[in-house]
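Student: Sharing a structure with you now.
The values are calculated or read from the model by the stated rules, or taken from the named source; none is laboratory data. Not measured: the values here are computed from a predicted model. Note: ideal-geometry Cβ built from the backbone for every residue, glycine included; neighbour counts use all protein chains shown.
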């Protein structure tokens, strides 16, 4: 474990899409927040020795490795950042925590609730020894959404009544788009629901500070068979899902996720309606937040690039917009700050488990004629 | 009944919001479509003799009356246009049709399914004698939505898979907003659901040409008690409603209506996602339609003010935008054209009844734990 | 002249685009403002007896005529509304005023400054006898722009420094678009400059309450020859014009007008930047106004459909948007109200002349290498 | 000089706003384009030894220095990237080129035309020896604008006729904003004109491939005196500037720049109207491009995050938006690619000089009553 004020050695497991985004964050976080502990990019881990070695240097890593277990034994590694597919999360995270490493796990926490529960249990033990853990819902680090949460928490939109959240993509619109592991239940768990719905549910919990206490849902697979490498295959996950959620605070949430929403590339839209105001956000315009606060009648379009807004101060002057990948730098900074302060970062593994309990309730409601299901309460 | 090419005498029953909007339409339809039968604005009918007399002249009426029954006997009245509250629709419409008058009924068709069924039955008999009837879903006459329907019908967005429709208003956000007949079940039937949901459901049927075959729903009353003239009263209708609908064509529709959506004044938003394109509309920008057609990857913003687009040719040059009330003029024109041609106008009373069967299924699902309900099929 | 509380007989001269829009206004103004004097639509005047007779009834006129001089002699005509091409304005307006009729002249006031000066002179004499006159800059009657003017006048954006105004259309983009009277200097005076620039300049004067005291400009004809009915002809007016204007209040205005702005149908955009706020408007979204008031940092999007906003109260509930043609109804109402009150309506003929003096300064600057020209001051 | 396929050592001179943005780019370019020569971040140079030493490590630099001259002598430095204020550009750039180092100079090229001409002369000599030079107009590296240029170059909007370009900020709106070196002519050269106008003019040249051959202009200082550290001082540069430019290709450009545009934070807006289409861009939404191509009637909103669009392929999947600072990474990549290929990167010092000649013509026109001035032609 790290000493106060000392540098921290980091290992990232995985070097595909998420491994690359996290590598950028570790390489950049010092420029963003020079007040935090210095990061040493020790080792990038992957299965293919040639590929991971090739990827390591451009991404800023000192070394590469194919053996994550040996990496956990290194004294120069303080943080293990897990960016591999979900079914591998539990094994690596548990081992890393037990080795005394601080751990970040990309969302979703795990593919099954059993695995997630195990991870929560180990994280709790580790926490009591000062070992930190976090799940990587990076959209919590979007300045506009962090600002939105502040407004809700300060009561500036009053009591929240209605939330509309949709996460729409279009990469499966074409019936000829090929089969992949993401479209098989055994490897992916679910389709749009888990992949996109997990972000949406995390935002609801984050923005409102409420738990989900009821879910009524439907899922749909519009294109049931797709071309695979060995001929046509059945698609066994959902293409889209819909749910109505009731929260512990009495709000009703409509949720819609899809990979079939023609012309929506990566469109996470969130609207929150309260008794004294409202908020609106769209990921395709991630530097903007529309707000009605304190009883105002009409919405104001904020450009969230002012130095006093969350995360913005470490970057550029007003009007110089940020991109999607800056959120990972913010995430790394929040994690480092918690480690340095001896605090537990959020969202915790418990938060990750709570999201998965809601996903499970949605799946069950969809399987039972849409009747309302109450998610299990985490222990 | 009218002679071909002859003028048509019109009576409007009701002179409040809808009566005024319909009066404007009858006064203007000749300027919009001089090729149609000439309209004679014979008589405006209301309960308060002084008030209706005062209203009649500015709205273009030759006379006023307090007795709708006597108006039905007048030989100079060919068309009866019913703009009174919903619980009075059935009685007047049935009498008018039986008196051989063509009839327009403002939406919703009636407050109960029993009444609506009776109206359908009488309209069918009348139809066989050349007497025409129509229910007034005026949003079918918005040029952008009429164009959207054309695009769907021509297959330019392919097979429709997902529809998102929301109709959001904010006039009940304030807990101190007073009690009214619209907030009592006995007078209003339902709240946002019937008032706003009926428009939304009609659009789904209109745009897709599908029937609704399943509904899972929730309704909510956020402010349960409001100040009435005799003290605090219980609100007995919904403030907001949510539903997921399955259509006969295999599309899934998410529907959300509310009177508590802070900063949304009159926001009907519709998105249709198909296998080869998508469409997007917002009533607050009613001259615009966003389209992805024929496999295009990105949306194009049409300004629906071109002379070759539906309804536009009778108005102004490109870029000269229309307003909400122009839809009533289009509605009157479509009705006159059908009468002149000896055709049945749409939407028919059967369409109105179909909408109400969906509303009933939604109410029932909401009462039964959101489980999916199949709307009754009209005879 | 009219008696207080009596009805007013109206004649419209011209039944093309503008004649039709004005007719709609006279037919509708009573419904919009039943408190004003009742309008009698006496006579529609045009040159082609058959055509004008055919147009009259659908537009609500009791009679038609081909002889505007005889119409001026009728005792049942109190108001003469002139919607013919600009070179005919002076003769008819002068005769009508001398006959004691209240007069509205469509913009621009006249084709030459000499004619405009004559009209102003006669209008002044008539005014002293209680005869009213007005020039028809209908965009002053857009609720959003009337609200904008209120905000400026109340100091809510502070001292105005910069104004950006553009009026862009695209109907001449195609080189094959045919020759017409609008493209010949002798008939049209100028091109985009007079047609679109006059609206833009009127708005600057209206919103700011400043005079234009300096103009530097350029004009351009991009397509110099176009197909005419007798072969290819020279285009002798501008396709587009640009100017920088200095106002009496120290503001600088950039002005751009064009008929070659591909994909802009009828796009009048206005932005006003002050020391304590800003305003933004787009005619293609005419129910919206973007405002920064009282030192606010970010813009709020108003939907100008609230009952306490200018002109809105006579129409529909919030969120029910108005169209381009409603502005003529508002214009008629303002005119009637001034006549009834014995006041002079605005904009006056003097306002119309002031606009033309600015247009003349722009033309001269464009002809003199863009050097700054000070418009003549009206007497 | 670098060997083919070898790594390149880089020194950045300056560590304020621009020095930091360029440092981020050098640290990230390898991850973005692993195919390019490897960058060694050798040394960060600044005047304050403590501050530059503190800045160096978080920004990724191996060392810091206070002596730029000695850095030019280092064999391990191949590239010198100059991010200091404009009046220091010439001296350092000339020395660096003469030392055989490849050079990047932040825009604007220099504060005077004499300096810029000298720099061009030296760059030409160096070029013949394979030493490369570039001026840093980073907005050429915005994917949406690079795509826009492609569309223009391919003729998809036809012949360009009109361009509207504005660059509006609001940081001087408040009269109490303090005096600074940027508001004194001797240190800053000009105000909004040079700072913002240089970007705007570079874009016109870049997008159209035209030279500016005429300029008519006005400049204005709205707040003439501001509080300085030693009392109130005169502001001796412009707050805003306006120009109409004529290009060698016959297009007319309206240009407006301001630091007084209330509620515009960093708003560079560009519209290009051609004979067969149009383009629209706004820096506050830098991942979007609105296009009308090939004669289309209405604009399509592109999200420029597709892998086959310029610069996008090295980043993330569709819909994952980029930020302002990614442009510097693209710039570094383009520079490295040219060096590796033995090509001259663009924009060249000649391009930088051409922009300054246009700025000079604008200043002169503003001083001479707005009369049109023809910029000097570069030798």
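Student: Restricting to segment A:87-126, name every residue that is over 19 Å from residue A:332 (Cα atoms) and buried (at least 24 other Cβ atoms within 10 Å of the Cβ).
Tutor: If the condition is that a residue be over 19 Å from residue A:332 (Cα atoms) and buried (at least 24 other Cβ atoms within 10 Å of the Cβ), then A:110, A:116, A:119 are the ones that fit.
Student: Any idea which of (1) part of a helix (DSSP H, G or I); (2) crowded, with 17+ Cβ neighbours inside 10 Å is the one residue A:69 doesn't satisfy?
Tutor: The failed condition is (2).
Student: Another one. Which one of the conditions (1) surrounded by 22 or more Cβ atoms within 10 Å (Cβ to Cβ); (2) modelled with pLDDT under 95; (3) farther than 22 Å from residue A:106 by Cα does residue A:260 fail to meet, given that it meets all the rest?
Tutor: Unmet condition: (2).
Yes/no per residue for (1) farther than 22 Å from residue C:367 by Cβ; (2) in contact with a strand residue (DSSP E or B) (Cβ under 6 Å, 6 or more places away or on another chain):
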residue: C:200; (1), (2): no, yes
residue: C:205; (1), (2): yes, no
residue: C:215; (1), (2): no, yes
residue: C:218; (1), (2): no, yes
residue: C:221; (1), (2): no, no
residue: C:232; (1), (2): yes, yes
residue: C:235; (1), (2): no, yes
residue: C:238; (1), (2): no, yes
residue: C:249; (1), (2): yes, no
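Student: Just checking, how many residues over segment B:361-376 are farther than 18 Å from residue B:121 by Cβ and in contact with a helix residue (DSSP H, G or I) (Cβ under 9 Å, 6 or more places away or on another chain)?
Tutor: Of the residues in that region, 9 qualify.
Student: Going through segment D:306-317 one residue at a time, which ones are touching a residue at least 40 places away in the same chain (Cβ under 8 Å) and either facing another protein chain (nearest Cβ under 8 Å) or assigned to a strand (DSSP E or B) (or both)?
Tutor: Step one: of segment D:306-317, the residues touching a residue at least 40 places away in the same chain (Cβ under 8 Å) are D:309-312, D:314-315.
D:315 - this is the single residue of segment D:306-317 that is touching a residue at least 40 places away in the same chain (Cβ under 8 Å) and either facing another protein chain (nearest Cβ under 8 Å) or assigned to a strand (DSSP E or B) (or both).
Student: Which of the residues that make up segment B:295-305 are closer than 27 Å to residue A:174 by Cα and at the interface with another protein chain (Cβ under 8 Å from one of its Cβ atoms)? Before you say what the answer is, go through the steps one by one.
Tutor: Going residue by residue through segment B:295-305, those that are closer than 27 Å to residue A:174 by Cα are B:295-302.
Within segment B:295-305, B:296, B:297, B:298, B:299, B:300, B:301, B:302 meet the criteria.
Student: Among (1) in contact (Cβ under 8 Å) with a residue 60 or more places away in the chain; (2) farther than 23 Å from residue A:235 by Cα; (3) crowded, with 22+ Cβ neighbours inside 10 Å, there is one condition residue A:198 misses while meeting the rest; what is its number?
Tutor: (2)
Student: Quick one: residue B:339 ticks every box in (1) out of contact with any helix residue (DSSP H, G or I) (no Cβ under 9 Å at 6 or more places or on another chain); (2) closer than 30 Å to residue B:40 by Cβ; (3) surrounded by fewer than 22 Cβ atoms within 10 Å (Cβ to Cβ); (4) touching a residue at least 40 places away in the same chain (Cβ under 8 Å) bar one, so which box is it?
Tutor: (3)
Student: Go through the residues of segment C:28-40 one by one and say whether even a single one is more than 14 Å from chain B (Cβ to nearest Cβ) and not in a helix (DSSP H, G or I). Even if it seems obvious, please write down each step before you answer.
Tutor: First, pick out the residues of segment C:28-40 that are more than 14 Å from chain B (Cβ to nearest Cβ): none.
No - not one qualifying residue is present in segment C:28-40.
Student: May I ask you to list pairs of residues, at least six apart or on different chains, whose Cβ atoms are under 6 Å apart, with the first in segment B:32-56 being without any contact (Cβ under 8 Å) to a residue 24 or more places away in the chain and the second being surrounded by 17 or more Cβ atoms within 10 Å (Cβ to Cβ) and not in a loop (DSSP other than H, G, I, E, B)?
Tutor: Partner pairs satisfying both residue conditions: B:53/B:64.
Student: From the set of residues in segment B:127-183 that are free of Cβ contacts under 8 Å to residues at least 60 places away in the same chain, in contact with a strand residue (DSSP E or B) (Cβ under 8 Å, 6 or more places away or on another chain) and surrounded by fewer than 22 Cβ atoms within 10 Å (Cβ to Cβ), which is nearest to the other protein chains (Cβ to nearest Cβ)?
Tutor: B:175
Student: Of all residues in segment A:342-378, count the ones that are surrounded by fewer than 23 Cβ atoms within 10 Å (Cβ to Cβ) and closer than 22 Å to residue A:103 by Cβ.
Tutor: Residues in segment A:342-378 being surrounded by fewer than 23 Cβ atoms within 10 Å (Cβ to Cβ) and closer than 22 Å to residue A:103 by Cβ: 11 in total.
Student: Listed residues B:84, B:79, B:43; which is within 16 Å of residue B:333 (Cβ to Cβ), surrounded by 15 or more Cβ atoms within 10 Å (Cβ to Cβ), away from chain C (no Cβ under 14 Å) and touching a strand residue (DSSP E or B) at 6+ places or on another chain (Cβ under 6 Å)? Full working, then the answer.
Tutor: Working: B:84 fails: within 16 Å of residue B:333 (Cβ to Cβ); B:43 fails: within 16 Å of residue B:333 (Cβ to Cβ).
Answer to the check: B:79.
Student: Identify, by number, the condition in (1) over 16 Å from residue B:269 (Cα atoms); (2) part of a strand (DSSP E or B) that residue B:175 doesn't meet.
Tutor: (2)
Student: For the structure I just gave you, tell me whether residue B:12 is more than 25 Å from residue B:323 (Cβ to Cβ) and at pLDDT 95 or above.
Tutor: Numbers: more than 25 Å from residue B:323 (Cβ to Cβ): no; at pLDDT 95 or above: yes.
The answer is no for residue B:12.
Student: Which of the residues belonging to segment B:72-90 are under 19 Å from the mean Cα position of the chain (by Cα) and assigned to a helix (DSSP H, G or I)?
Tutor: B:86, B:87, B:88, B:89, B:90
Student: Counting only residues that are within 14 Å of another protein chain (Cβ to nearest Cβ) and not in a helix (DSSP H, G or I), which one in segment C:330-379 is nearest to residue C:209 (Cα to Cα)? If you could, list the steps in order and put the result at the bottom.
Tutor: Start the filter on segment C:330-379 by keeping residues that are within 14 Å of another protein chain (Cβ to nearest Cβ), which leaves C:330, C:332-333, C:336, C:361-362, C:364-374.
Then keep just the ones that are not in a helix (DSSP H, G or I); that gives C:368-374.
Values: C:368: 28, C:369: 29, C:370: 26, C:371: 25, C:372: 22, C:373: 20, C:374: 18 Å.
Checked segment C:330-379; the qualifying residue nearest to residue C:209 (Cα to Cα) is C:374.
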